[in-house]
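The values are calculated or read from the model by the stated rules, or taken from the named source; none is laboratory data. This one's a predicted model, so the numbers in the text were calculated from it and none came from an experiment. Glycine also receives a Cβ, built like all others from the backbone with ideal geometry; neighbour counts cover every protein chain displayed.
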Amino acid sequence: MSLTETGVREMMDIIEGLKNLDPFLEDTLDTLADKFLAILQFHIRNGPFDTGHYLESWQITEKTRTSRTISSPEDLLFVILEYTGAQEHKIERKFAEALHWVDTGGEHHFAMWVIHPYQPPQPHFRTAIRDFNELAIPIINEKMKLHFKIFSS
């Protein structure tokens, strides 16, 4: 097997590109995690459920060299919303003097307890994954072109 000048140049480009591996990983993983979180929050915001505390509870909670973790401490609420739905149940005040909410007409309501009606499952995580999967490969390809000279031609 013999190496041509072009082959040697290509090998040198690959070796040079490996120096960019860590910045590529960090940039790509950060972009992918940010994109998934935005898609997930879009599905939460546009679903017929809590858009405040639950929406904000989803965060990038861990970063390593090769991964990003997106999670919420609201595991029970996640399971209910994503998979099981909620049976009709009574909600009582816990710490406040009364429950308080504002209806769609802007009217304030106060109560010691309410009966929350049945709520079917409302998949938002699985739909976010489906939407994200369509965008992941193009993002990775763009980052490869940005970080590695061999892919930019």
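Below are the figures for this structure:
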quantity	calculated
Checklist (1) in the same structural domain as Glu142 (by TED's automatic domain parsing); (2) surrounded by fewer than 11 Cβ atoms within 10 Å (Cβ to Cβ) applied to Pro73, failing item	(2)
Ser67 vs. criteria in contact with a strand residue (DSSP E or B) (Cβ under 7 Å, 6 or more places away or on another chain) and among the small types (Gly, Ala, Ser)	no
Matching residues, region 131-140, being exposed (fewer than 12 other Cβ atoms within 10 Å of the Cβ) and not aliphatic (A, V, I, L, M)	Asn133, Glu134, Pro138
Of all residues in region 100-130 being among the aliphatic types (A, V, I, L, M) and either out of contact with any Asp or Glu (no Cβ under 8 Å at 6 or more places or on another chain) or under 30 Å from Leu37 (Cβ atoms) (or both), the one that is surrounded by the fewest Cβ atoms within 10 Å (Cβ to Cβ)	Val102
Cross-chain or 6+ apart pairs with Cβ under 7 Å, region 77-101 first and more than 16 Å from Ile44 (Cβ to Cβ), then surrounded by 10 or more Cβ atoms within 10 Å (Cβ to Cβ) and of a type in the set (Gly, Ala, Ser)	Ala98/Ala111; Leu99/Ala111
Single residue of region 130-153 satisfying the filter (within 23 Å of the chain's Cα centre (by Cα) and without any contact (Cβ under 8 Å) to a residue 60 or more places away in the chain) that is nearest to Asp75 (Cα to Cα)	Arg130
Tally of residues being in contact with a helix residue (DSSP H, G or I) (Cβ under 6 Å, 6 or more places away or on another chain) and over 15 Å from Ala128 (Cβ atoms) across region 78-93	1
Residue match in region 73-85 (condition: hydroxyl-bearing (Ser, Thr, Tyr) and farther than 22 Å from Ala33 by Cβ)	yes
Arg68 being closer than 21 Å to Ile129 by Cα, touching a helix residue (DSSP H, G or I) at 6+ places or on another chain (Cβ under 7 Å) and free of Cβ contacts under 8 Å to residues at least 12 places away in the same chain	no
Listing of helices (runs of 4 or more DSSP H) fully contained in region 47-153 that carry 2 or more residues being among the charged types (D, E, K, R)	125-147
